[in-house]
Amino acid sequence: MKRKLLAFILMVTATLIVSAGGNSEKESETDLLGSIKIAGSSTVYPVSTAIAEEFNRIYPQVEIPIQSTGTGGGFKNFFTSGKTDINNASRPIKQSELEAARANGIEPVEFQVAIDGITVVVNPDADWVDNLTVEQLAHIWRPINPAIKWSDVNSKWPSEKIQLYGPTSASGTFDYFTEAIAGEEGSSRSDYQGTEQDNTIVQAVAGSRYALGYFGLAYYIENQDKVKALKINGVKPSIESAKSGEYSPLSRPLFIYVNRDSLKREEVRRFVQFYLEKTTSDLIRQIGYVPLPEEKADQNMEKLNQILKELGE
Amino acid sequence: MNGISRGDINCIQKNIYNRYSNIRIEKIKGKIFIFLCIVATLLGVISLVTLLVYVFWDATAWLNLEFLTNPPSRFPERAGIYPMLVGSIFLIPMVALYSIPLGVGAAIYLEEYARDSLIKRIIEINIANLAGVPSIVYGLLGLGFFVAALGMIHGTLIVGSLTLALRVLPIVIVSSQEAIASVPISHRFASFALGVRKWHMIRTVVLPEAIPGIMTGTILALASAMGETAPLIMIGAATTIFTAPRGILSSFSALPLQIFAWSDFPHREFQHGVAPATIVVLLLILLAMNGLAIFIRLKFSRKEH
Amino acid sequence: MNNDNIGAMRRDRIDITVHRAEILKDTSIGGIFFFCALLSVLITFGIVIILLKDTAGFFKEVSIIEFFTHTRWSPTIKPVEFGVLPLISGTFIFTFVTSAIALPVGLLTAVFLSEYANERTHSVLKPALEILAGIPTVVYGYFALVYVTPFLRRIVPQISTFNVLSAGIVVAIMIIPTIASISEDAMRAVPKSLREAGLALGVSEFRVTITVVIPAALSGIVSSFILGISRVIGETMAVTIAAGNLSRIVNPFNISDALLNPIQTMTAAMVEIGLSDVSGHSVAYKSLFAVGFTLFIMTFSLNLISQYIKYKFREKYL
């Protein structure tokens, strides 16, 4: 008897808490329900998360769980089997992933959402290095005979082991970086600390004098006081240099891939529209990426409207 | 002169001196030993107190009603824990629902029905070992069974609570067993002497007396479930979600998961503001639960004799 | 037969019917409870089966020899290699550091609680220690990363952000109560007469503790040690947050490298895969279960050994 009473009290309490709380903002349309599942790239994660946060302020009843799994991980494990509606991607979808999705009856729709510049960072006290050429980067990250100490790259640099941090190969950043630097996607040494969580790389590099890591531009912009960005081939990474294309070869487009069938649901439709509208806004810049040029954004909108028409509205 | 010579006295004096100094050395060693023991005992407690002071100190500025009712945000000033708070609190009745009937039932069997046989020994050893299995393995069990084999959706409340229920089941069984075993056997015999059937006896005599002990054990088990992180990660709970779960099929997140996510954010406001505040909320909830358990134990044990 | 008898016989028949129904209800309820207990055994089997299934699938694609002898753990980066030794090395060094702190401190704590503390001190310290054990491991991991590592950095500036020492310290704090409580129980079980005998022989108090009580309680103490070690091996969140994700073979003789640099334990590797490669059919996903199975075997065996030692070697007092 007492147990039942306790359980009852707990349930009542839980229900009360659920109904009492909620968003403190008053500008909410509370009638839109549903859920939008998102996974994928840790680079695009801050963008999707920020947009979801803003979206939830308008539609607080829509569930938007987001996981940071890496682009490839998101495609392979969630998107192609229909477990998520949207996959964040910091590289274009591969042919094999496209086929896997289609084999399950899923048609991915690509939308570019921002432009990024992969940033290579070192500890602020690493005063011996300011700039790396692509060749030097390749020397550090190649799978065969990579540099072990800083002095291997340049004999004037300290004879200390380079402590390396970077994304794992589930990450689109990894794919893009290896292709741009080593010339072949996936070609990298493996004796570094790999992680899906870019903040871990920030922490690690900030804490070790001889560390070096790489991640999306936003993580550098957010943490400029903690890590030092290296110039690549003489060009400093920034929103401007990524936008103009001067920061190369590490500037790249960021995408979301939407399950075409998910667009039939109203909450997904509104979310994607909201997302695309925001791609030219300051929100993207705040996060640390390059907002899309107007023409690109218009192209996205046209594509979306076309699909919505086809889905039979 | 007969008797004791100077040499003898020297010898005796030396012996006495040695023996006393041995005693003295022993005493000193004894004192050092006790000192070491005290240091050891206090080491853990003082370290924890220090860390807790740091956490509470960092958290005070960030704890307010908004923190409890806002969803998380990339802006630390706006960040809150509402969805995780609801998620964690929702877990309590659900984990209780799945683990208490099974756990108490198993305990009743072991204490009231089973004879002291090999089977009973095996079951008890088994339960003791299940309690020692790392919680991440329970996460794998949840992933492999509920998500992969049964096809449930990853990251939903029901999968999370089922997995956690499995994790705490051994604790519920053992503490219920102890509670039931502590009911004096004379009460059972008195009941039988009145011609009452076994289940009736259990229902009317044993269980009511054992319930405080069962409740105490269960609350402690639920408290440990609230602190679990690894199993929830394995079954795919969301890294980020801004809405509270609405039902058992909702995606959810929980306080420990948010602590895990935020401990990674290198910004000062997160690491030394929002995250400690989340930890304080979690610890306060755990404190309340443990306090409740202790209160029940004290209140009902005083009633006894 | 008169009316009374017929009435009595009818009452008897009703009584018998009710009686039989009650027995049936009674037995069937007993059966329900048996089922509940059986479920716990089923859970063990369930764990083993689930783990084995994908482990077997894993070993179809990766040879057992590679798993247990190769020295590189690279589930996703080419060239893909699944050598579990670096993970075991990481787990080993972490467990060693944690145990080196926790076992002696736990034992001395138990000695204090059982031999020297008076009633009042005991009633304050025991709950205080329970609190240590009740704090979630994710909070300990946070402590290690945000407070302990910066503190250690003031003493040892070359310490890496993610390192073994910080995680080892906090997890040691976490399991001290477990070791202390089991050891204390074992020591309290030693009858007073043994201590008094020692004292009567003129042995000093602390020497009695060392030479009489501890050896008498040894089975319980060793059992607590093994249990503690098993828990540390299974520890997940503190190492994931604070000890890093760099899988490598750790040279235990290079102390600064072993303590101050990141490692990857088996549990941290599982979290890493779990965060990204969940519910796929890839080899990486299956490797999750292979490592999980290895972990399960290790901790399960240690737990069994711990119980065996406790019961087989305990002193039976008359």
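Would you pick out the residues in region A:61-99 that are surrounded by fewer than 18 Cβ atoms within 10 Å (Cβ to Cβ) and in a helix (DSSP H, G or I)?
Selection gives A:Gln95, A:Ser96, A:Glu99.
Which count do you get for residues in region B:224-246 that are more than 7 Å from every other protein chain (Cβ to nearest Cβ), of a type in the set (Gly, Ala, Ser) and either surrounded by fewer than 24 Cβ atoms within 10 Å (Cβ to Cβ) or assigned to a helix (DSSP H, G or I) (or both)?
Residues meeting the conditions: 2.
Across region B:58-72, what is the total count of residues that are more than 20 Å from C:Tyr142 (Cα to Cα), surrounded by 15 or more Cβ atoms within 10 Å (Cβ to Cβ) and in contact with a Ser or Thr (Cβ under 8 Å, 6 or more places away or on another chain)?
3
Select from region C:98-124 the residues that are crowded, with 22+ Cβ neighbours inside 10 Å and without any contact (Cβ under 8 Å) to a residue 40 or more places away in the chain and list them in ascending order.
C:Leu108, C:Phe112
Could you check A:His139 against (1) without any contact (Cβ under 8 Å) to a residue 24 or more places away in the chain; (2) crowded, with 24+ Cβ neighbours inside 10 Å and say which number it fails?
Every condition holds for A:His139 apart from (2).
Which is within 9 Å of chain B (Cβ to nearest Cβ) and either in a helix (DSSP H, G or I) or at pLDDT 90 or above (or both), of C:Ala167, C:Ala172?
C:Ala172
Report the residue count in region C:73-95 for those that are surrounded by fewer than 22 Cβ atoms within 10 Å (Cβ to Cβ), of a type in the set (Gly, Ala, Ser) and in contact (Cβ under 8 Å) with a residue 60 or more places away in the chain.
1
Is region C:237-244 home to any residue that is at positive phi, in contact (Cβ under 8 Å) with a residue 24 or more places away in the chain and under 28 Å from the mean Cα position of the chain (by Cα)?
Yes.
Of the residues that make up region B:71-89, is at least one closer than 30 Å to C:His122 by Cα and under 38 Å from the mean Cα position of the chain (by Cα)?
Checked against the condition, which is being closer than 30 Å to C:His122 by Cα and under 38 Å from the mean Cα position of the chain (by Cα), region B:71-89 yields no hits at all.
Let me spell it out: the conditions are (1) in contact with a Ser or Thr (Cβ under 6 Å, 6 or more places away or on another chain); (2) at pLDDT 85 or above; (3) under 28 Å from C:Ser28 (Cβ atoms), and B:Gly142 meets all of them except one. Which number is the exception?
The one condition B:Gly142 does not meet is (3).
Of all the residues that make up region C:17-41, how many are closer than 19 Å to B:Gly142 by Cα and more than 10 Å from every other protein chain (Cβ to nearest Cβ)?
0
Per-residue answers, yes or no, for (1) in contact with a His (Cβ under 8 Å, 6 or more places away or on another chain); (2) at the interface with another protein chain (Cβ under 8 Å from one of its Cβ atoms); (3) of a type in the set (S, T, N, Q); (4) under 18 Å from B:Glu228 (Cβ atoms):
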| site | (1), (2), (3), (4) |
| --- | --- |
| C:His122 | no, no, no, no |
| C:Ala128 | no, yes, no, no |
| C:Ala133 | no, no, no, yes |
| C:Gly141 | no, yes, no, yes |
| C:Ala144 | no, no, no, no |
| C:Arg153 | no, yes, no, no |
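How many residues, within region B:104-157, are buried (at least 21 other Cβ atoms within 10 Å of the Cβ) and at positive phi?
1
Hey, can you tell me all the residues within region B:91-150 that are out of contact with any helix residue (DSSP H, G or I) (no Cβ under 8 Å at 6 or more places or on another chain), in a helix (DSSP H, G or I) and more than 8 Å from chain C (Cβ to nearest Cβ)?
Selection gives B:Leu118, B:Ile119, B:Arg121.
Filter region B:158-217 down to the residues that are away from chain C (no Cβ under 14 Å), crowded, with 16+ Cβ neighbours inside 10 Å and not in a helix (DSSP H, G or I) and list them by number.
B:Val183
Of the conditions (1) surrounded by fewer than 23 Cβ atoms within 10 Å (Cβ to Cβ); (2) under 26 Å from B:Gly132 (Cβ atoms), C:Val239 satisfies every one except a single condition; which number is it?
Answer for C:Val239: the failing condition is (1).
Taking the residues in region A:148-184 that are within 16 Å of C:Lys78 (Cα to Cα), surrounded by 15 or more Cβ atoms within 10 Å (Cβ to Cβ) and of a type in the set (Gly, Ala, Ser) as candidates, determine which candidate is modelled with the highest pLDDT.
So, considering only residues that are within 16 Å of C:Lys78 (Cα to Cα), surrounded by 15 or more Cβ atoms within 10 Å (Cβ to Cβ) and of a type in the set (Gly, Ala, Ser), the one modelled with the highest pLDDT is A:Gly166.
Go through region B:190-232 and count every residue that is more than 13 Å from B:Val104 (Cβ to Cβ), hydrophobic (A, V, I, L, M, F, W, C) and at pLDDT 90 or above.
8
Could you say which residue among B:Arg188, B:Arg246 is more than 20 Å from B:Ile153 (Cα to Cα) and basic (Lys, Arg)?
It is B:Arg188.
Check whether at least one residue in region A:291-310 is within 15 Å of A:Thr43 (Cβ to Cβ) and either at pLDDT 90 or above or not assigned by TED's automatic domain parsing to the domain that holds A:Ala126 (or both), and report yes or no.
No: zero hits.
The values are calculated or read from the model by the stated rules, or taken from the named source; none is laboratory data. Model, not experiment: these values are computed from the prediction. We place every Cβ from the backbone using ideal geometry, glycine too, and count neighbours over all the protein chains shown.
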